[in-house]
Amino acid sequence: MKKALINDWYYVNGGAEKVIHSINSIWNDFDHFALIDFLNDEDRNFILHGKKAKTSFIQKLPTAKKNHRKFLQLFPLAIEQFDLSNYDLIISSSSAVAKGVVTKQEQLHICYCHSPMRYVWDLQEEYLQDANLNKGIKGLYAKHVLNKIKKWDVANSKNVDFFIANSDHIAKRIKRIYNRESIVIYPPVDVDFFQLEEQKQDYYFTASRLVTYKKVRLIVEAFNELPHLKLIVAGDGPEFKKLQKIAKSNIKLVGFVDYEMLKKYMQKAKAFVFAAQEDFGIIPVEAQACGTPVIAFAKGGALETVLENITGIFFKEQTTKKIKEAIIAFEKTEFDPKKIREHALKFSKRRFENEMKEFVETKFKEHGRFEQKNIF
């Protein structure tokens with residue numbers, strides 16, 4: 001009995017990769033596939049348990065390691081060229097094209113969907129802006145490519161037998177875009193690593209990839225108007241230098257930090273500030289596991305992970321003014337770190353692995369085409 005696990009790509013150790021790590025912890029005999037695999041040895045040992053993914057032709061294209069997204073128009077072709085004909089169970093972990101692998105009637109394909117492709121559906125304008133493709137002939141061609149991928153994405157969603165959404169928010173998006181039902185299994189959060197710290201220090205903290213849609217600029221602008229409050233910003237990306245230029249002296253940009261340093265900043269912060277609209281958002285839950293309250297945008301996955309006035313405070317609009325108002329309100333509110341951590345435990349790795357195992361094994365056994373086989 002053969003099993004294949006397909007991820008969009010491997011080049012960083014982010015939230016999607018934590019899901020892959022946990023799936024590999026449930027079953028350790030997957031063959032792995034991805035458009036690219038540029039993981040370092042340390043991340044590969046964690047995510048893929050030392051294995052290497054079979055990659056597409058995009059792996060060998062010039063500059064693919066630095067910027068694979070510029071080959072977006074080739075992604076559908078690349079994912080369809082994987083030969084999975086000998087596999088009985090196929091699990092795709094997808095926020096882009098992984099779910100578009102070609103499968104046969106006798107195979108079972110379950111997709112853990114982080115989101116339908118953000119940059120062709122809900123974040124198209126932000127994607128074009130970040131890539132400097134929002135004007136002129138190049139902009140028109142980019143929109144043409146994205147519209148073609150939209151059609152491909154909807155058509156190939158039919159290759160999936162069962163969808164698992166990473167939040168209720170994404171389940172609704174799957175229904176709206178693909179007209180498919182899904183169940184929700186929240187992603188795994190390493191609550192054992194992010195341990196409770198009740199003694200907080202006098203600074204706020206935020207961390208993410210510094211790209212436009214994460215809205216870190218709005219957080220920095222809010223603290224520019226609150227010079228008596230300290231903010232530490234962790235992360236790197238295209239926005240880093242822009243933020244450096246506008247940040248006042250009460251704001252410290254520390255760049256990329258490793259997991260240990262991230263935990264230390266998270267544990268000691270008086271609050272974690274989160275301005276993005278995320279599909280789920282693992283990092284606010286990691287903060288709560290440390291007993292650190294969250295100041296979050298009231299949309300997307302945060303509505304499912306943050307309890308207002310118990311584990312955090314919401315702001316209703318992605319604006320500097322509303323973030324500033326939420327911070328001022330937070331200064332007047334008291335939170336119990338133990339209660340915050342208790343809530344975060346509901347999103348543990350163990351819970352994810354148990355729910356994922358039960359769902360996949362149940363669907364496999366229920367499927368009539370597998371009556372004579374047992375993969376577990």
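Have a look at Lys316, Lys299, Lys338, Lys324 and point out the one that is charged (D, E, K, R), crowded, with 19+ Cβ neighbours inside 10 Å and in the same structural domain as Pro284 (by TED's automatic domain parsing).
Values: Lys316 fails: crowded, with 19+ Cβ neighbours inside 10 Å; Lys299 fails: crowded, with 19+ Cβ neighbours inside 10 Å; Lys338 fails: crowded, with 19+ Cβ neighbours inside 10 Å.
One residue alone meets the criteria, Lys324.
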>> For the list (1) modelled with pLDDT under 95; (2) surrounded by fewer than 17 Cβ atoms within 10 Å (Cβ to Cβ), I need the number of the one condition that Arg350 fails.
In response: (1)
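Of all the residues that make up segment 116-162, how many are outside any helix (DSSP H, G or I), in contact (Cβ under 8 Å) with a residue 12 or more places away in the chain and of a type outside the set (Val, Ile, Thr)?
Quick first cut of segment 116-162, residues outside any helix (DSSP H, G or I) only: 116-123, 131-135, 160-162.
Among the residues that remain, those that are also in contact (Cβ under 8 Å) with a residue 12 or more places away in the chain are: 116-123, 131, 160-162.
Going one step further and asking which of them are of a type outside the set (Val, Ile, Thr), we end up with 116-119, 121-123, 131, 161-162.
Summing the residues that are outside any helix (DSSP H, G or I), in contact (Cβ under 8 Å) with a residue 12 or more places away in the chain and of a type outside the set (Val, Ile, Thr) in segment 116-162 gives 10.
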> Does segment 174-181 contain any residue that is within 14 Å of His114 (Cα to Cα), surrounded by 14 or more Cβ atoms within 10 Å (Cβ to Cβ), basic (Lys, Arg) and modelled with pLDDT of 95 or more?
Replying inline: yes
>> Taking the condition of being in contact (Cβ under 8 Å) with a residue 24 or more places away in the chain and more than 20 Å from the chain's Cα centre (by Cα), how many residues in segment 220-239 meet it?
In response: 11
> So, of the residues in segment 252-281 that are among the β-branched types (Val, Ile, Thr) and surrounded by fewer than 22 Cβ atoms within 10 Å (Cβ to Cβ), which turns out to be nearest to Asn40 (Cα to Cα)?
Replying inline: Val257
>> Checking Ala296 against (1) in contact (Cβ under 8 Å) with a residue 60 or more places away in the chain; (2) closer than 21 Å to Glu334 by Cβ; (3) small (Gly, Ala, Ser): exactly one of these is not met. Which one?
In response: (1)
> When you scan segment 67-77, how many residues do you find that are aliphatic (A, V, I, L, M) and crowded, with 19+ Cβ neighbours inside 10 Å?
Replying inline: 1
> Quick one: would you say Gln244 is among the polar types (S, T, N, Q), within 22 Å of Pro337 (Cα to Cα) and assigned to a helix (DSSP H, G or I)?
Replying inline: no
>> Can you tell me which residue is surrounded by the most Cβ atoms within 10 Å (Cβ to Cβ) among those in segment 98-115 that are assigned to a loop (DSSP other than H, G, I, E, B) and not hydroxyl-bearing (Ser, Thr, Tyr)?
In response: Val101
>> Taking the criterion of being of a type in the set (A, V, I, L, M, F, W, C), touching a residue at least 40 places away in the same chain (Cβ under 8 Å), in contact with a Leu (Cβ under 8 Å, 6 or more places away or on another chain) and in a helix (DSSP H, G or I), would at least one residue in segment 45-57 satisfy it?
In response: no
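Residues are listed down the side, and each one gets a yes or a no for (1) touching a Pro at 6+ places or on another chain (Cβ under 8 Å); (2) buried (at least 22 other Cβ atoms within 10 Å of the Cβ); (3) of a type outside the set (Gly, Ala, Ser):
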| residue | (1), (2), (3) |
| --- | --- |
| His49 | no, no, yes |
| Thr63 | no, no, yes |
| Ile79 | no, yes, yes |
| Asn86 | no, no, yes |
| Ala96 | no, yes, no |
| Met117 | no, yes, yes |
| Trp121 | no, no, yes |
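So which residues in segment 174-200 are touching a residue at least 60 places away in the same chain (Cβ under 8 Å) and basic (Lys, Arg)? Reasoning before the result, please.
Initial filter on segment 174-200 (touching a residue at least 60 places away in the same chain (Cβ under 8 Å)): 174, 177-178, 182-183, 185-200.
Result: Lys200, single match.
The values are calculated or read from the model by the stated rules, or taken from the named source; none is laboratory data. As the structure is a computational prediction, the values presented were derived from the model and not from experiment. So basically every Cβ, Gly included, is an ideal-geometry build from the backbone, and we count neighbours across all protein chains shown.
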